[in-house]
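Accompanying notes for the structure given below.
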Amino acid sequence: MSRFLFYDDKIINLLLENEKPTGGAAVQALNWVKGLLEEGHEVALMTNVPKDKLKSEYRNLKLIPLYDDKKGMRWIRWVSYRIPFIHDQIREYNPDFLYQGVPGWQSMVLALICKKLGIKFLMRISSDAMVDDRFLRKYSKPHQMVVQNAFNLADCIICQNEYQFGQMQEKYPNNKILKITNPIEYKSTTNSYAWKGHILWLGLFKAVKNLGLLYEIASLLPNEKFVVAGEPAKSIDSKTREYIQKLEKLPNVKFVGFLQKTEVTEYLINAKFLLNTSLFEGFSNTFLEAMQVHTPILTTNKVNPDQIITKHNLGITYDSAEELKNKINNLTEEQIIAKRESIQKYLYNYHHHRHLAKKLVEALTENTKSYNKGILQTLTLGQFKPSIAK
């Protein structure tokens, strides 16, 4: 069995009794944690949150202390205190693998520590924007150089989809690169479809989530009820604020604020569709949460990773609000039933957290550098036969 250490200060938000908003990378990491634990591996999480603050089901999770944010001299605390502290904690736990879910400037620190200690460093791509010119436009030159050097030092780069894989394979041909789908804790459900239910939108309110398109769609479908769940991101832009105000004035739109995970599930069970309006994603975990209760997905053709929505009949894709309106108005109940059946099979075959955890460990212990077909392929439900191209 292998020993994994997860370095992700956002995962803890999902484990707290008073859950806090967090991004999809943390949701994904938590599902890796669950899958690895259930497959018999040892898993620990670096955090400075005490166990008594966690939900009861997570209090047996091994926690490794992270540095105290307030400790150390202000301008030199990273060099004088934090880096030595992180180094000592990683050395003491001595994992086989250290996983980081969102690449950043700290990745370079972790990569160097792992090289020194002989630990394999895993970097997960959190978004398509991390692998192309959008990354160059968003971050400063020093930040870019640090992250790129960390990628060069990483023992494995883990991608969510074919686009990310192709970009990273081209940029880092000497690295081991794995493409594997996002895991989710699989639960068999048999809920009935909410034919007259709402259309649910989930996410943080920020520019990339494209609330302007949400407003356009809600305006074109006045007879549909839209439920918007989430809250403003810390650095919300003025355009997003403007569309929030416009959406609040629509009679068919209801804002319900930030939802705990159990509340998300309830809203999805009672939803007619999950709607995605993002400008780009890597692989939205809201898709998996919707699939878990067999709720079909509405998404743009730009946010259809590896064409899974169309290829596996999981929902409806669209290029414009007008096109989506026409497709929804012409949808039959028989088509919906077929999509729900496809969703159940697809989720089990491609995203089961235990199956993927097993395949992840197998791939990490292989000697080959790249895994172009790391997304799992199956012949029949429950029979996993990975096709991993070298």
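With respect to the conditions (1) open to solvent by 30 Å² or more (accessible area, probe 1.4 Å); (2) over 15 Å from the mean Cα position of the chain (by Cα), residue 343 lacks only one, and its number is (1). Among the conditions (1) open to solvent by less than 10 Å² (accessible area, probe 1.4 Å); (2) charged (D, E, K, R); (3) out of contact with any strand residue (DSSP E or B) (no Cβ under 7 Å at 6 or more places or on another chain), the only one that residue 124 does not satisfy is (3).
So is residue 115 out of contact with any Gly (no Cβ under 6 Å at 6 or more places or on another chain), open to solvent by 80 Å² or more (accessible area, probe 1.4 Å) and either of a type in the set (A, V, I, L, M) or touching a residue at least 24 places away in the same chain (Cβ under 8 Å) (or both) or not? Yes, satisfied.
Identify all residues within the range 346-356 that are among the charged types (D, E, K, R) and either at pLDDT below 90 or not in a helix (DSSP H, G or I) (or both); write none if there are none. Listed by number, the list is empty, since nothing qualifies. Residues of the range 309-322 that are assigned to a helix (DSSP H, G or I), open to solvent by 10 Å² or more (accessible area, probe 1.4 Å) and without any contact (Cβ under 8 Å) to a residue 60 or more places away in the chain: 310, 311.
Pairs linking a residue in the range 199-226 that is farther than 17 Å from residue 287 by Cα to a residue that is in a loop (DSSP other than H, G, I, E, B) and among the acidic types (Asp, Glu), with Cβ atoms under 6 Å and 6 or more positions apart or on different chains, are 207/237. List pairs: first residue in the range 323-343 and closer than 15 Å to residue 275 by Cβ and modelled with pLDDT of 95 or more, second residue β-branched (Val, Ile, Thr) and in a helix (DSSP H, G or I) anywhere in the structure, Cβ distance under 7 angstrom, at least six positions apart or on different chains. Within 7 Å, the pairs are 324/217. Scanning the range 132-185 for residues being assigned to a loop (DSSP other than H, G, I, E, B), crowded, with 17+ Cβ neighbours inside 10 Å and in contact (Cβ under 8 Å) with a residue 24 or more places away in the chain gives a total of 10. Listed conditions (1) farther than 23 Å from residue 197 by Cα; (2) touching a Ser or Thr at 6+ places or on another chain (Cβ under 6 Å) are all met by residue 281, apart from (2). Checked against (1) closer than 28 Å to residue 338 by Cα; (2) open to solvent by less than 20 Å² (accessible area, probe 1.4 Å); (3) at pLDDT 90 or above, residue 202 passes all but condition (2).
Tally time: how many residues in the range 39-60 are modelled with pLDDT of 90 or more and of a type outside the set (D, E, K, R)? Give the derivation first.
The first filter runs over the range 39-60 and keeps only residues modelled with pLDDT of 90 or more, leaving 39-46.
Those still in the list that are of a type outside the set (D, E, K, R) too: 40-41, 43-46.
Residues in the range 39-60 being modelled with pLDDT of 90 or more and of a type outside the set (D, E, K, R): 6 in total.
The values are calculated or read from the model by the stated rules, or taken from the named source; none is laboratory data. Note that the structure is predicted; figures quoted are calculated from it, not measured. Note that each Cβ is placed from the backbone with ideal geometry, even for glycine, and that neighbours are counted across all protein chains shown. Areas reflect the complete protein model, heavy atoms only, side chains present, ligands, DNA and RNA absent. Shrake-Rupley method; radii C 1.70, N 1.55, O 1.52, S 1.80 Å.
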